[in-house]
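Have a look at this one.
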There are 2 protein chains.
Amino acid sequence: MIILITGDGKGKTTSALGQMMRVLGRGKSALMIQFIKGPWISGEDKFGEKYHISNDKFQIRKRGLGFVGILGDKLPREEHARAAKSALEEFGRERESGNWHLIVLDEINVALSLELLTIQEVLNAIKDYPEDSLLMLTGRGAPQELIDLADLVTETKDIKHPYHDGQDAKPMVEF
Amino acid sequence: MIILITGDGKGKTTSALGQMMRVLGRGKSALMIQFIKGPWISGEDKFGEKYHISNDKFQIRKRGLGFVGILGDKLPREEHARAAKSALEEFGRERESGNWHLIVLDEINVALSLELLTIQEVLNAIKDYPEDSLLMLTGRGAPQELIDLADLVTETKDIKHPYHDGQDAKPMVEF
């Protein structure tokens with residue numbers, strides 16, 4: 001089953017984290033592979049360690065190199081693209097392994113918008129996803145091909161956000 | 001700070017659970033009080049126990065009596081209303097206690113739509129919420145007064161859902 005969470009509202013990655021909690025609660029395992037988010041440490045990254053959740057039950061792997069083309073990013077676009085392709089290959093291996101009831105490809109829609117990946121690469125990677133396990137795709141700007149393929153699609157709409165008043169992202173709210 | 005997640009899409013309670021994970025990861029505590037959800041057991045309910053997370057760090061309290069007026073509900077409306085009012089009073093005590101960095105009032109918007117609570121009661125309960133802690137309100141159909149009051153509002157839109165094909169709610173997806 002494939003769940004897609006897109007749109008410009010807060011609550012996409014957060015919703016994927018909640019889905020991971022739900023899966024953990026039922027004794028199953030959950031992996032998140034992050035395509036864009038870079039090396040900074042979020043609340044969720046400390047969670048597994050703090051509560052001694054074993055690596056085969058819960059992992060968040062940061063495979064992005066940070067923001068692309070904004071906020072002081074100086075990396076060549078090809079390096080970002082290489083990181084994204086490598087993350088997608090990693091997903092293929094993890095999918096094959098059968099270790100994970102839930103795999104989240106966090107911000108993969110953004111990797112597509114930025115053309116770090118092609119839609120064909122992503123469609124190949126996720127096709128024939130088993131009915132009895134969960135794949136979750138997040139990020140704003142999901143392409144229509146993914147909306148068509150997913151079993152469940154939610155669009156989040158940003159109605160109001162402190163960003164609009166120039167406030168920074170807040171620990172525990174945004175990360 | 002008050003975060004409001006409304007709309008008819010999947011991902012409202014799930015997003016609140018993810019927010020709880022984020023808060024836990026930073027060593028703070030999170031409480032969810034559920035206004036509608038009844039006695040059935042969800043993945044998230046087993047989570048704290050399974051991972052030995054202490055009760056002062058993480059709790060989900062079911063204070064609803066199940067669905068209201070649908071799916072075989074035979075309870076008088078007043079019983080549902082009494083439960084909702086009692087849950088709101090409980091929230092007041094927990095807020096006062098200062099024990100929780102994050103409190104989620106899950107499906108409180110639905111309790112308002114069903115007139116189990118009045119908007120004035122809810123506004124009184126949440127007014128002057130401290131800036132440095134988090135209150136999260138979920139449920140479809142948020143009244144404008146709550147949208148106006150909240151610092152951050154996301155609307156989830158149901159683009160596609162297996163429900164529409166007559167499928168039942170699935171463990172680990174919906175609960």
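Test of understanding: given chain A, find the longest segment containing no trypsin sites (Lys or Arg not before Pro) that are in a DSSP loop and have at most 11 other Cβ atoms within 10 Å.
A:1-73
Can I ask one more? Choose one answer from B:E107, B:E145, B:E115: the residue with the largest mean-square fluctuation in a GNM of chain B with alpha-carbon springs under 10 Å.
B:E145
With runs of 4+ DSSP H residues as the only contributors, calculate the mean residue ellipticity of chain A at 222 nm using -39,500 (n - 2.57) per run, divided by the residue total and rounded to the nearest 500.
After summing the helix terms and dividing by the residues of chain A, the value is -10500 deg cm²/dmol.
Would you work out which of A:L114, A:M20, A:I2 lies farthest towards the positive end of the dipole of the range A:2-156? Charges go on Cβ: Lys and Arg +1, Asp and Glu -1.
Value: A:M20.
From the Cα gyration tensor of the range A:30-117, with a ≥ b ≥ c the square roots of its eigenvalues, which class applies: rounded if a/c is under 1.5, or else prolate if a/b is larger than b/c, or else oblate?
oblate
If you don't mind, there's one more thing I want to ask. What gaps in nm, shortest first, separate B:E49 from its twins in the other copies when you place the label 7 Å past Cα toward the beta carbon?
Spelled out, the distances from B:E49's label point are 3.0 nm.
Same structure, new question: How far is A:L71 from itself in the other copies, in nm, if each label sits 7 Å out from Cα along the Cα-Cβ line, shortest first?
3.9
Taking each label point as 7 Å beyond Cα in the direction of the beta carbon, state the distances from B:G38 to the same residue in the other copies, shortest first, in nm.
For B:G38, the other copies' label points sit at 5.1 nm, shortest first.
How large is the charge dipole for the range B:2-154, taken about the Cα centre, if only the Cβ atoms of Lys, Arg (+1) and Asp, Glu (-1) carry charge, to the nearest 20 debye?
Using Cβ point charges on Lys, Arg, Asp and Glu, the range B:2-154 gives about 580 debye.
Report Rg/Rh for the range B:2-154, rounded to two decimals, where Rg is the Cα radius of gyration and Rh the Kirkwood radius.
Ratio value, two decimals: 0.94.
Classify the range A:134-175 as rounded, prolate or oblate from the Cα gyration tensor: take a ≥ b ≥ c as the square roots of its eigenvalues, call it rounded if a/c is under 1.5, otherwise prolate when a/b beats b/c and oblate if not.
prolate
Shielding by partners for B:42-51, please: the mean number of other protein chain Cβ atoms within 10 Å of each residue's Cβ.
Average per residue, whole number: 6.
Taking a quarter of the surface of the convex hull around the Cα atoms of the protein assembly as shown, what do you get in nm²?
If I average the Cα hull's projected area over directions, I get 16.7 nm².
Every number here is computed from the coordinates shown, using simple stated rules; none is lab data. Being a predicted model, the structure only gives us computed values, none of them experimental. Note that each Cβ is placed from the backbone with ideal geometry, even for glycine, and that neighbours are counted across all protein chains shown.
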